[in-house]
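Here the structure comes first, spelled out in structure tokens, and everything after it is commentary.
Nothing in this text is a laboratory measurement; each read-out follows from the coordinates by a stated rule. Bear in mind that the values here come from a model prediction, so they are computed numbers and not experimental data. All Cβ positions, glycine included, derive from the backbone under ideal geometry; neighbour counts span all protein chains shown.
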Amino acid sequence: MYLPGFLSLAAVASILSTASACDSCNGNLHRREAEGGGEGGEPGFSYLGLTGPVNWNQFSQACGSGKTQSPINVVSTMQTSSYGDNGEYADIGATGFNFTNTGHTVEVFYRGQSALLGGVEYELQRFHFHTPSEHRLDNEWFPMEVHFVHQGKNDPSKLAVVGIFIDTRDDNVSDPMMSRLATLLQSIEKPGETVIATHVPLQGVRTAITSAKKFTYPGSLTTPPCSEGVTWYVSNTILGVSVSDYKAFKSVLGYNSRNLQADPGKQNVVEFAAQFLPAVQNRVQAKKERRARATKWTA
Ligand SMILES: [Zn+2]
């Protein structure tokens, strides 16, 4: 299943061409700049306080009023896709690809690999990580989630993202992709830093895309501009990570996960909450007036 693309070509080009872009991270401000008000330049989103997820409406209206926003709680009764799906990406070899700290995530710019999802041909653009997971599976969250971002081969307005959960394991063994990338993180601890990722095995990812059941739904980018028209595939095959590799990712990523959104078609959670604000303000005002009257009588 896929949605007709209704992102404009220009919007998609802008999303995909930004140096620090990912499905969920297309700002180019460093995390610390965004959180702290920055070193000049335009304001940026973050995962904290006044520039955090509940206030992303200030960057794009879709974040606060869109009705097919991501991430969501994926439930095992949802529609699934697997028949004919194919994500047989080659292992990354000796030449390598940029692995960059964008300030919102760490991202490998691995382009050009083909994928077939829901009967549509796509090309992989990049993949990046979130701590903790953005989606939930039957309301369970995971320590990490990786997003493989694809653009339509024949129709560039189509976007598809495969989300794969990552969990710690009792035997404390990492998926080979995770252990390889963890060794490179010390070179990209600061926003803006890049290292060339070579020799990255992707067999776990191939299984999680080609052979696994995937829950699919119509969603959005998970950061501003929160554009909708993104077809999501959330795999039920979970990659493993050792505790030390998980900590290495967590220390660089910090917290970069958007709060859960309403199920597709339901009212936006921010818009829903905002409708009660006038009533709250009225109650606060009435309380202030009561206090003022009481003070007047006792003075
Ligand atoms: Zn993402």
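Things worth noting here:
- Taking amide hydrogens as placed 1.01 Å from N in the peptide plane, the amide H of Arg126 sits under 5 Å from those of Tyr110, Val149, each at least 5 positions away in sequence or on another chain.
- For region 161-299: rounded, prolate or oblate by the Cα gyration tensor [a/c cutoff 1.5]: prolate
- Residues with amide H under 5 Å from that of Asn256, placed H, sequence gap 5 or more: Thr131
- Relative contact order (percent, whole number), region 174-251, Cα cutoff 8 Å, 6+ residue spacing: 35 percent
- For the peptides 128-138, 275-285, residues were scored by their other Cβ atoms within 10 Å and the scores averaged per peptide; the highest-first order is 128-138, 275-285.
- Model label zone, Asn282; criterion: amide N under 19 Å from point 7 Å along Cα-to-beta-carbon; scope region 52-95: none
- Thr68 long-range amide H proximity, modeled H, under 5 Å: Gly265
- Relative contact order of region 9-287, defined on C-alpha pairs under 8 angstrom at six or more residues apart (%): 26 percent
- From phi via Karplus (6.51, -1.76, 1.60), per-residue ³J(HN,Hα) for region 235-245 in Hz, x at Gly/Pro: 6, 9, 9, 9, 7, x, 8, 6, 4, 5, 5
- Global geometry of region 132-176, whether rounded, prolate or oblate, following the gyration tensor of its Cα atoms and the 1.5 cut on a/c: oblate
- Label sites at Asp263 and Trp141, each approximated as a point 7 angstrom past Cα along Cα to Cβ, lie 2.1 nm apart.
- A straight Cα-to-Cα reach below 19 Å connects Lys158 with the lysines Lys67, Lys214, residues fewer than 8 places away in its own chain not being considered.
- Karplus 3J(HN,Hα) series, Hz, for region 181-194 with 6.51 cos²θ - 1.76 cosθ + 1.60 (x for Gly, Pro): 5, 4, 5, 9, 5, 5, 8, 10, 5, 9, x, x, 7, 9
- Computed from label points 7 Å out along Cα-Cβ, the spacing between Thr295 and Arg169 is 6.4 nm.
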